[in-house]
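The values are calculated or read from the model by the stated rules, or taken from the named source; none is laboratory data. What you see is a predicted model, and the numbers here were worked out from it, not measured in a lab. Glycine also receives a Cβ, built like all others from the backbone with ideal geometry; neighbour counts cover every protein chain displayed. Just the protein is used for accessible areas: all its heavy atoms, side chains included, with ligands, DNA and RNA removed. Shrake-Rupley method; radii C 1.70, N 1.55, O 1.52, S 1.80 Å.
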Amino acid sequence: MSSPRSSLYRGLAEQPSASLPISASPARSTVPGGSTAAARKVAEVFSLAGIEIGGHRPWDLQVHDERFYPRLLAGGDLAAGESYMDGWWDAEALDELCTRVHRANLPALVGGWEMFWLAMKGRIFNRQRRSQAVEVARLHYNRGNDIYRAMLDLRMQYTCAYWKDATTLDQAQENKLRLICRKIELQPGMTVLDLGGGFGGLAHFMASEYGCRVVMYNISAAQVAHGRVWCKGLPVRIEQKDYREAARETQAFDRVVSVGLCEHIGQKNYRGFLELAHRLLIPGGLFLLHTIGGNESYTCTDAWIDKYIFPNGMTPSVAQLGKAMEGRWVVEDWHNFGPDYDTTLMAWWHNFDRAWPSLERKYGERFYRMWKYYLLGCAGGFRARRLQLWQLVLSKGDIPSYTPVR
């Protein structure tokens with residue numbers, strides 16, 4: 001898989017060649033385009049994004065099974081991902097193909113029933129209520145720490161890195177951690193509530209580098225186990241609980257942070273989440289919210305992501321967060337560095353692909369194609385500017401001023 005971002009890994013000495021992926025499957029035969037009405041319709045749709053069926057450019061789509069055409073037209077996003085997992089089609093530069101698909105908004109032109117049903121469920125039901133919150137931990141975050149150790153940086157950061165003045169993933173992720181601490185004006189001895197927490201990297205960083213006491217809430221057993229071992233001996237308490245259970249905390253905190261949790265909270269719960277953070281923050285404190293954001297308001301993610309990667313997930317919009325913050329918070333800073341997530345995802349992909357020979361026996365080829373489609377498809381979404389990465393700094397309006405940090 002060639003990519004203009006193929007040099008961004010953990011370190012310069014760890015760059016693989018720019019040739020095909022290590023585990024590339026044997027070449028498959030390509031089905032000639034235009035042989036059926038469905039094939040002609042699919043070719044017409046992809047041509048709107050400058051993608052040719054059977055073309056010779058890296059982002060052109062190579063079809064190996066002619067059943068792909070009617071399947072895509074009927075099933076949209078879900079069918080596209082599942083047929084890729086089944087090996088029915090390929091693209092040399094999958095990230096570039098996905099970028100063009102997102103820029104042209106092609107998903108709106110095919111399928112639709114799965115997305116319609118998901119959107120209706122999101123409007124009618126609270127798909128992120130506490131009883132369903134464990135689904136994403138079971139399917140995704142508890143899948144296997146060996147995958148994440150192979151893919152992520154040394155601090156196990158599974159959220160967007162900050163690539164300003166950085167040349168490696170390790171540097172960029174440390175930049176992100178320092179940026180967060182600078183934005184919330186962290187000082188030694190402060191207490192911090194970390195809602196979400198991941199593998200415990202931010203909690204470890206704030207405790208070891210700044211001398212803070214941290215309480216972290218995370219529902220993933222695998223991430224909590226890793227975090228507890230890593231933070232042993234530091235003033236860090238990690239609770240394997242839903243973020244809503246932090247309401248039982250008897251103390252208020254100097255600072256509250258939430259990095260990568262908001263994508264799992266859901267629009268019906270934004271208000272409650274932000275009220276919880278407000279209630280647990282001392283007067284004069286700061287709350288940092290780090291989240292993927294969307295350009296439009298939706299009630300679900302796409303059907304393939306919902307089924308295979310992040311069940312019940314959704315990215316908030318400016319309007320949804322603004323409505324939930326109204327009357328509670330003053331927005332001191334709203335920082336968008338979404339293009340950095342493209343770079344981060346490409347670094348994760350290259351690390352994962354390089355490590356695949358050690359993972360292949362356990363996970364198998366279908367998982368490889370699923371994970372590849374996930375990482376490179378998301379990279380395409382950020383590269384096309386359909387997705388953003390926001391860091392918000394919020395106060396109760398009881399501080400005299402705030403100077404944004406970059």
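Side notes on the structure shown:
- Legend: distances between Cα atoms for LYS268/LYS372; LYS268/LYS396; LYS323/LYS396; LYS268/LYS307; pairs beyond 25 Å are LYS268/LYS372.
- Close amide H contacts of GLU332 (hydrogens built in the peptide plane, cut-off under 5 Å, sequence separation of 5 or more or a different chain): VAL393, LEU394, SER395.
- Accessible area per residue for the chain is 41 Å², calculated with a 1.4 Å probe on protein heavy atoms, without ligands, DNA or RNA.
- Rounded percent of accessible protein surface that carbon and sulfur make up, the chain, 1.4 Å probe: 53 percent
- Label point of ASN145 set 7 angstrom out along Cα-Cβ; within region 180-208, amide nitrogens under 18 Å from it belong to 196-205.
- Gaussian network model of the chain, springs between alpha carbon atoms under 10 Å - residue of GLY322, GLY338, GLY201 with greatest fluctuation: GLY322
- Among beta bridges identified by DSSP and lying wholly in the chain, the antiparallel ones come to about 45 percent.
- Two-site label geometry, SER131 and LYS41: point separation in nm, points 7 Å out along Cα→Cβ: 3.9 nm
- Karplus-derived HN-Hα couplings along region 130-146 (A = 6.51, B = -1.76, C = 1.60, θ = phi - 60°), whole Hz, x at Gly and Pro: 4, 5, 9, 5, 6, 4, 5, 5, 5, 6, 10, 6, 9, 5, x, 5, 5
- The label point for LYS362 and the one for ARG279, both projected 7 Å from the Cα toward the Cβ, are 4.0 nm apart.
- Listed by chain and number, the aspartates and glutamates whose alpha-carbon sits under 13 Å from that of LYS176, ignoring those within fewer than 8 places in the same chain, are ASP153, ASP165, ASP340.
- Rg and Dmax [Cα atoms of region 135-235; Å; Rg one decimal, Dmax integer]: 13.5, 37
- In region 257-329, the C-alpha radius of gyration followed by the widest Cα-Cα span (Dmax) gives 12.9, 43 angstrom.
- Listed candidates (1) 25.4; (2) 22.1; (3) 21.0 - label of the one calculated as Kirkwood radius over Cα pairs in Å: (2)
- Across region 250-262, rounded Karplus estimates of 3J(HN,Hα) from the backbone phi angles (6.51 cos²θ - 1.76 cosθ + 1.60, θ = phi - 60°) give 8, 10, 8, 10, 5, 9, 10, 10, 9, 10, x, 8, 4 Hz, Gly and Pro being marked x.
- Here is how the number arises for the chain: DSSP H runs of 4 or more residues each give -39500 (n - 2.57), the sum is divided by the residue count, and the result at 222 nm is -13000 deg cm²/dmol.
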